[in-house]
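First comes the structure, then the notes that go with it.
Throughout, read-outs are computed from the coordinates displayed, never taken from laboratory work. What you see is a predicted model; the values in this text were computed from it and never measured. Please note: Cβ atoms are built from the backbone with ideal geometry, for glycine as well, and neighbour counts cover all protein chains shown.
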Amino acid sequence: MKRLIALLLLVAALAFVPRAEAFSLSLEPPSRTITVGDTATFTLRLSDLTSPIFFTDYAVSILFDSSILSFDSAYFITGTGTATLLPDNLILEGVSLLTDPVSAPLDLASLTFTGINTGTSDLIIAANTFADLNTLNFFEADSVSNAQVSVVPEPGTLILLGAGLAGLAVWRRRRP
């Protein structure tokens with residue numbers, strides 16, 4: 001009797017083990033350079049699938065430096081979702097409207113940021129969870145590829161700085 005109960009518990013435990021899904025999650029393009037006040041758009045892409053996967057929901061956390069970038073908007077390509085902004089952290093929660101398993105690269109969302117200060121900010125996929133709520137399977141990407149944004153001063157600022165330095169040089173040469 002004890003063996004039968006142990007066997008039933010083992011079968012029940014194995015029935016709810018998440019299946020292994022092999023895929024990559026990335027932010028494309030991998031790097032951008034913008035000026036202060038300009039926007040940079042990145043695509044959250046699911047790729048490198050070893051076999052077709054089906055998912056109904058997903059949650060992805062993206063870290064960034066909020067002193068350099070300001071989050072503007074998220075457009076969910078494959079369904080609907082919400083973007084929750086926390087300090088230096090963006091949480092995307094999406095619901096897929098796909099009815100068939102995915103077997104090719106798939107764009108999940110388009111994210112837009114604005115450069116608010118000069119510097120470089122990494123966009124880091126900190127966590128990700130995909131769920132097939134029909135079968136109660138939960139899985140994560142095998143690999144993630146982060147992105148980077150460099151925000152440089154506006155060209156007008158550099159021209160103004162250069163003109164000021166040139167003016168100082170001329171003034172210094174004219175002074176006896």
Paramagnetic reach from THR43 in the stretch 89-131 [backbone N under 13 Å; point 7 Å along Cα→Cβ]: 105-111
Simple Cβ-charge dipole of the stretch 29-131, Lys/Arg +1 and Asp/Glu -1, about Cα centre, in debye nearest 20: 80
In sequence order, calculated HN-Hα J values of the stretch 140-150 (Karplus, 6.51, -1.76, 1.60; Hz; x Gly/Pro): 10, 5, 6, 9, 10, 10, 8, 10, 9, 10, 10
The stretch 43-60 residues near the modelled LEU133 label - backbone nitrogen below 12 Å, point 7 Å along Cα→Cβ: 56-59
